[in-house]
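Here is the structure we will look at, set down as structure tokens.
Values quoted throughout were computed directly from the atomic coordinates according to the rules given, and no laboratory measurement underlies them. All values reported here derive from a predicted model rather than from experimental measurement. Cβ: placed from backbone, ideal geometry, glycine included. Neighbour counts: every protein chain shown.
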Amino acid sequence: MIRDITLGQYYPGSSAVHRLDARTKIIATLIYIVALFVVKNFWGFLIAGAALFAVIEVSKVPVKFIFRGLTAVFMIIAFTFLINLFMVDGRVLWQWKFLSITEEGVNRAFFMAVRLVLLIIGSSLMTLTTKPIELTDGLEKLMKPFSKIGVPSHEIALMMTIALRFIPTLMEETDKIIKAQQARGADFESGNLIRRAKALIPILIPLFISSFRIAQDLALAMEARCYHGGSGRTRMNQIRFHRGDAIAALLVIVFLVAIVLSRFINVPI
Amino acid sequence: MSIIETKDLTYVYNPEMPGETRALDAVSFSVEEPCIIGIIGHTGSGKSTLLQHLNGLIKPSSGDVYIGGECITDGRKNLADVRRKIGLVFQYPEYQLFDETVAGDVVFGPKNLGIADDEVDDRVRRAIEMVGLDYDEVAEMSPFELSGGMKRRAAIAGVIAMEPEILMLDEPTAGLDPAAHKDIIDMIKKVQSEMNLLIIFVSHNMSDIAELSDRVFVMKDGRIVMDGSPEDVFSRGDELREMGLSVPPAKEIAGRIKERAPKFESKALSIEGLAEDIQKFRNIKEKA
Ligand SMILES: Nc1ncnc2c1ncn2[C@@H]1O[C@H](COP(=O)(O)OP(=O)(O)OP(=O)(O)O)[C@@H](O)[C@H]1O
Ligand SMILES: [Mg+2]
């Protein structure tokens, strides 16, 4: 149930992918996402998919674990697929009243669905192989240059760290409250929409109160340990680029070139 | 016929995933008579997980739970009926209060059970008085205005108002000051004697366990490793200490006295009982 969402989760490990600098992984992921939008035909996706599969293999994150995360966003993928399937004009393959499926529609539906799946797996692979702390450290460093023009890079990074850190806590809290109200006979599954929305009140109110309590405790704990914002703050673990990062950068360039070249392949798959 | 029974109850959190935990491992027990059962065990030994199985909130990985002879885990039984019979008070139940008034919160359970309105009001009043709160005073108050101990009692009233046949409480006294702590203990005693139901409660406080329980389960790594009267269980102090548990203070003191005076014997679990035994021992010594 609610715990099955793997988006933003970390899968502990010590593979080559895990050991990469967070900045490398962030930039590589950004490039990967851009590349998915550069792709024009299925050859491009074949390359992107193969690259993704190779990274998954190296990272040793179980494929099953990654796909379990996909089930949470399955509805979005299905929705995109159907919208594209029925909404694109072109050579009609099948018709029923006002619904029609065209050849272009089928093509596009698959195209979009594959893109979305690759996108989600690609970005969740980054969070799966990077500790949240490293991720936000990396982000902060990458945003450093922008702090000259007034971007509060440290604060943004801190907010992200806290948000990521508290996703599991809040989920646990939600789980507990749902169970407690279920034990009092609450029913969240039956009835019409209004009844179901009303049934959420006994969950949402305690959840809000808990969140405020947690936030207040955290603020006090930080202040008690003399936190006073980002200026003049140093780090215990300095992040550095290693040889692996250079190799990764090289591979990313090769990948990008391959993707760009794939646009010129005219043979249909 | 047993009131409640489990057979080889086993539960694994996150099977085949990182963080796989065997929280329950072939737990079997059976209770025949309404009484008070205390559960102790190191943190993570599976106490809360066990309670959640007993009213069907968690479906076991394997094994079965029987309530009044009926199996509730084979998927055929309506779980709403099960939860009507078995009340579970979670740890820190005051965090689940949500209504604008105490009465509104207490009424939530009975309403979900579909009890008629005129009976509901009666039940709410009875439940609030049962936990030792003054109905006329607190019924229309916001639960968030109450003190910590009163909030906890209001939350427990919410479960008692469902008039369960079995009442389970997970660490009902955790985090309370001594006065509020004593109120809760007295309340549990009162509920048991007036409603004559089976109470199962988890506690880390050995004096509470010794004072309230007719029977004690000791859990370790998802198993029930001891099951007996408090006298039996607490006479195995060394084994308990090995599990990271302790014995009630009276037992502890009696042990120390015995180190100095090997002839001293006391089975008392309460300080009062121990005082009597010490008095007797001194009388005998003075005569000799
Ligand atoms: N929702 C959950 N997901 C994964 N593992 C869990 C979950 N809840 C409990 N566990 C694990 O199951 C085991 C038993 O937990 P449980 O909460 O039943 O212990 P407990 O005896 O109640 O402990 P405590 O005295 O700390 O309340 C622990 O190892 C715990 O980490
Ligand atoms: Mg517990």
Residue among A:Ile205, A:Ile56, A:Ile214 with the largest mean-square fluctuation in a Gaussian network model of chain A, springs linking Cα atoms under 10 Å: A:Ile205
Long-range HN-HN contacts of B:Leu169 with modeled amide H, under 5 Å: B:Val89, B:Ile200, B:Phe201, B:Val202
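For chain A, calculate the relative contact order in percent as a whole number, restricting contacts to Cα pairs under 8 Å that are 6 or more residues apart.
It comes to 31 percent, rounded to a whole number.
Assigning unit charges at the beta carbon (Lys, Arg +1; Asp, Glu -1) and nothing else, what dipole magnitude in debye, to the nearest 20, does the stretch B:248-288 show about its Cα centre?
Dipole magnitude for the stretch B:248-288 comes out near 200 debye.
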At what distance in nm do the modelled label points of A:Leu119 and A:Thr169 sit from each other, each positioned 7 Å from its Cα along Cα→Cβ? 3.2
With a cap of 12 neighbouring Cβ atoms within 10 Å, and only residues DSSP puts in a loop, list the GluC sites (Glu not before Pro) found in the stretch A:124-199. A:Glu189
Restricting attention to the stretch A:198-269, which chymotrypsin sites (Phe, Trp or Tyr not before Pro) occupy a DSSP loop and are surrounded by at most 11 other Cβ atoms within 10 Å? A:Phe264
Range in chain B, longest, excluding exposed GluC sites (Glu not before Pro) [loop by DSSP; at most 13 other beta-carbon atoms within 10 Å]: B:141-264
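Between the DSSP loop rule and a limit of at most 10 other Cβ atoms within 10 Å, which trypsin sites (Lys or Arg not before Pro) in the stretch A:97-147 are left?
A:Lys97
Classify the stretch A:1-117 as rounded, prolate or oblate from the Cα gyration tensor: take a ≥ b ≥ c as the square roots of its eigenvalues, call it rounded if a/c is under 1.5, otherwise prolate when a/b beats b/c and oblate if not.
Numbers: a/c = 3.12, a/b = 1.87, b/c = 1.66.
In terms of gyration-tensor shape, prolate.
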For peptide A:208-221, how many partner chain Cβ atoms fall within 10 Å of a residue's Cβ, on average? 1
Determine the shape class of the stretch B:248-288: with a ≥ b ≥ c the square roots of the Cα gyration tensor eigenvalues, call it rounded for a/c under 1.5, and otherwise prolate if a/b is greater than b/c, oblate otherwise. oblate
Using Cα pairs closer than 8 Å and at least 6 residues apart in sequence, work out the relative contact order for the stretch A:17-107, in percent. 17
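What's the average, rounded to a whole number, of partner chain beta-carbon atoms within 10 Å of each residue's beta-carbon in B:93-101?
Working: counts 3, 1, 9, 15, 4, 11, 3, 1, 0.
Mean partner shielding for this stretch: 5.
Out of every Cα-Cα pair in the stretch A:149-237, what percent are more than 19 Å apart? Kindly include the intermediate steps, with their values, before the conclusion.
On the way: 2220 of 3916 pairs.
Tail of P(r) above 19 Å: 57 percent of Cα pairs.
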Which of A:Val252, A:Val151, A:Val61 fluctuates most in a GNM of chain A (C-alpha springs under 10 Å)? That residue is A:Val151
In sequence order, calculated HN-Hα J values of the stretch B:14-31 (Karplus, 6.51, -1.76, 1.60; Hz; x Gly/Pro): 6, x, 6, 10, x, x, 4, 9, 8, 7, 10, 9, 6, 8, 10, 7, 8, 10
Taking Cα atoms, the helix B:178-195 axis meets the longest principal axis of chain B at an angle in degrees (rounded to 10) of 70
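Please list the three semi-axes, largest first and in whole Å, of the ellipsoid equivalent to the protein assembly as shown, using sqrt of 5 times the eigenvalues of its alpha carbon gyration tensor.
Semi-axes (√(5λ), whole Å): 55, 31, 24.
Work out the length of the dipole vector of chain B about its Cα centre, built from +1 on the beta-carbon of each Lys and Arg and -1 on the beta-carbon of each Asp and Glu, and round it to the nearest 20 debye.
Working: 34 positive and 51 negative charges, 255 e Å.
I would put it at about 1220 debye.
By its C-alpha gyration tensor, with a ≥ b ≥ c as the square roots of the eigenvalues, how is the stretch B:4-234 shaped: rounded for a/c under 1.5, else prolate for a/b larger than b/c, else oblate?
Working: a/c = 1.72, a/b = 1.40, b/c = 1.23.
Since a/c reaches 1.5 and a/b is larger than b/c, the shape of the stretch B:4-234 is classed as prolate.
What's the average, rounded to a whole number, of partner chain beta-carbon atoms within 10 Å of each residue's beta-carbon in A:173-182? Mind showing how you got there, number by number?
Values: counts 1, 0, 0, 6, 4, 2, 7, 12, 6, 9.
Shielding by partners across A:173-182 averages 5.
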Rounded to whole Hz and in sequence order, give me ³J(HN,Hα) for the stretch B:237-254 from the Karplus expression 6.51 cos²θ - 1.76 cosθ + 1.60, θ = phi - 60°, writing x for Gly and Pro. x, 5, 5, 4, 4, 4, 7, x, 9, 10, 10, x, x, 4, 5, 4, 5, 4
Just B:Tyr135, B:Tyr92, B:Tyr13 to compare: in a GNM of chain B, with alpha carbon springs under 10 Å, which one fluctuates most? B:Tyr13
Sorted peptide list for B:149-156, A:163-170, criterion being average Cβ within 10 angstrom, highest first: B:149-156, A:163-170
Check B:Arg215: other-chain or 5+ apart residues with amide H under 5 Å from its amide H, H built from backbone geometry? B:Ile36, B:Gly38
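With an 8 Å Cα cut-off and a minimum separation of 6 or more residues, compute the relative contact order for chain B in percent. All intermediate terms of the calculation are to be shown ahead of the outcome.
Values: 520 pairs, mean separation 62.3, N = 288.
Across chain B, relative contact order equals 22 percent.
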Using Cα positions and a limit of under 18 Å, work out the lysines in reach of B:Lys111, with same-chain residues fewer than 8 apart set aside. A:Lys179, A:Lys198, B:Lys85
